[in-house]
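> First the structure, then my questions, so here it is.
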Number of protein chains: 4
Amino acid sequence: MKQTTIERIRKFSDERDWDQFHSPANLAKSIVIEAAELLECFQWNDQECNMQHVKEELADVIVYCQNMLDKLGLDVDEIVNMKLTQNEEKYPVEKSRGNAVKYDEL
Amino acid sequence: MKQTTIERIRKFSDERDWDQFHSPANLAKSIVIEAAELLECFQWNDQECNMQHVKEELADVIVYCQNMLDKLGLDVDEIVNMKLTQNEEKYPVEKSRGNAVKYDEL
Amino acid sequence: MKQTTIERIRKFSDERDWDQFHSPANLAKSIVIEAAELLECFQWNDQECNMQHVKEELADVIVYCQNMLDKLGLDVDEIVNMKLTQNEEKYPVEKSRGNAVKYDEL
Amino acid sequence: MKQTTIERIRKFSDERDWDQFHSPANLAKSIVIEAAELLECFQWNDQECNMQHVKEELADVIVYCQNMLDKLGLDVDEIVNMKLTQNEEKYPVEKSRGNAVKYDEL
């Protein structure tokens, strides 16, 4: 995401004085609420979806993720790379290739 | 997120041949599953959390969001800006300032 | 659910003095967390699932729903019948028969 | 839940020929979607909520749980008692009393 987009997300909340509602717990709730709205696009049909709805709900999830990064002062590249390092260990290429078995059943 | 991080996310899936599992519907399920694990950090306590767990689960949500952007060929800046434009209209500053009332009750 | 099962759910919480954690908000979080664990049984495969896991996670959702009914002093038959009456109006048989279109698009 | 209420849930789906949409995977998605709508009642405020909304969303969760029990031919008392037996072992009274620590950290 471009810095200008991130700044617009911050400005949106700042102008509305919404930081007071953005506790980490409330943002975690918000992420799951929007994620469920994204899932609703696929509730009865896995193959077709309303792409406009998908874009809107995915954007909502991403905006709340950015709010949470900001609130907790986290660096997105740092946490994603940390997690990818974990995942690379949990899912070795030779064992995981072509299957979706969870790491604790590998 | 830096381009190198995005590339590492893609490489992780490519090496494991996991694109076959990454249907939009499955990714939507995955986002909500990880979002709920993030929420679990705040299940019984809104004030304290295990920050390491929060980082890991938030990173998982972000990785699956990137997978979905890639799968659907979406541009993150485009969809987030489109949604922010919508939100700015739904939540005018003068009406929304300092309150968290949903737009349809404003 | 039999009254004896309901009583066992209550006794489980009482013995552990967990009522203090069972605020409606925390129970709402818990229901969604367990519902996401149920969904995880179908994360990568819609057709097959581990039935033992499904039973366990569905039971967890049902237990937290009972906790919430108890916490709020709600009668399950009353609220379910109230909602079914709403749904019957939102989804008239002649319009909804054989399709899964949401009421606001009917 | 009374047998007459359960029968009304079944009749509602039968009349609309909706059994075709009620795959276990779709019902799992539906439960988490409704659970997130229940959570939305507490999104920004843990203390106050719109009780009518809470009743409606909790009822939705319960209806989809009943649909899933029916679809999979499960007995609610059997699975809940099975899970309570597990939970009683995972959370011994003497260790769990008055704290909400997860079993794997007890």
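The values are calculated or read from the model by the stated rules, or taken from the named source; none is laboratory data. Remember, predicted model here, so these are calculated numbers, not experimental data. Counting neighbours? That spans all protein chains shown, and the Cβs are built from the backbone with ideal geometry, glycine included. In case anyone asks, the SASA skips ligands and DNA or RNA and just uses the protein heavy atoms, side chains included. Shrake-Rupley method; radii C 1.70, N 1.55, O 1.52, S 1.80 Å.
> Rounded to the nearest 500 deg cm²/dmol, what is the calculated helix-only ellipticity per residue at 222 nm for the protein assembly as shown, with -39500 (n - 2.57) per DSSP H run of length n ≥ 4?
Only helices count here, giving -22000 deg cm²/dmol.
> By the gyration tensor of its Cα atoms, with a ≥ b ≥ c the square roots of the eigenvalues, what is the shape of the protein assembly as shown: rounded for a/c under 1.5, prolate for a/b over b/c, or oblate?
Rounded, since a/c falls under 1.5.
> Could you state the accessible area per residue of chain A in Å², with a 1.4 Å probe and every protein chain left in place?
Heavy-atom SASA per residue in chain A reads 46 Å².
> Efficiency by 1/(1 + (r/R0)^6): what FRET value for A:E15 and A:L74, r their Cβ-Cβ distance, R0 = 25 Å, to the nearest 0.05?
The computed FRET efficiency comes out at 0.60.
> With a 1.4 Å probe on protein heavy atoms only, work out how much accessible surface D and C bury together, total over both chains, in Å² to the nearest 100.
That pair hides around 5700 Å² of surface in total.
> Right, something else. How about the stretch C:4-106: which GluC sites (Glu not before Pro) there are in a DSSP loop, with at most 16 other Cβ atoms within 10 Å of their Cβ?
Here the GluC sites (Glu not before Pro) that fit, given the DSSP loop and packing criteria, are C:E48.
> Just to confirm the number: angle between the C-alpha axis of helix B:24-40 and the first principal axis of chain B, 0 to 90 degrees, nearest 10?
Long axis of B:24-40 versus the principal axis of chain B: about 60 degrees.
> Further question: Longest segment of chain A with no trypsin sites (Lys or Arg not before Pro) in a DSSP loop having at most 14 other Cβ atoms within 10 Å?
Result for the longest clean stretch: A:3-96.
> Let me ask another. Classify the stretch A:1-48 from the C-alpha gyration tensor, please: rounded if a/c falls under 1.5, else prolate or oblate depending on whether a/b exceeds b/c.
Verdict is oblate for the stretch A:1-48.
> Accessible area, 1.4 Å probe, largest first: how do D:D70, C:D60 sort?
My answer, sorted largest first, is D:D70, C:D60.
> Rounded if a/c is under 1.5, else prolate if a/b beats b/c, else oblate: with a ≥ b ≥ c from the C-alpha gyration tensor eigenvalues square-rooted, which is chain D?
It comes out oblate by the Cα gyration axes.
> Report the residues of the stretch A:55-92 in range of a label on B:Q3: point 7 Å along Cα→C-beta, backbone N strictly under 20 Å from it.
Once the point is set 7 Å along Cα→Cβ of B:Q3, A:76-78, A:80-81 turn out to lie under 20 Å by backbone N, inside the stretch A:55-92.
> If the cut-off is 28 Å between C-alpha atoms, which lysines fall inside it for B:K11, apart from same-chain ones fewer than 8 positions away?
Cross-link targets: A:K2, A:K55, A:K83, A:K90, A:K95, A:K102, B:K2, B:K29, B:K55, B:K71.
> Leaving ligands, DNA and RNA out of it, report the carbon-plus-sulfur percent of the accessible area of chain A at a 1.4 Å probe.
Roughly 45 percent, rounded to a whole number.
> With just the Cα atoms defining each centre, how far is the stretch D:14-32 from the stretch A:53-106? Give it in Å.
Using only Cα atoms, the two centres lie 29 Å from each other.
> Here is a further query. For the rotation that brings chain D onto chain A, whose beta-carbon in chain D is nearest the axis, and what is that distance in whole angstrom?
Whole-Å result, nearest residue of chain D to the axis: D:A36, 2.
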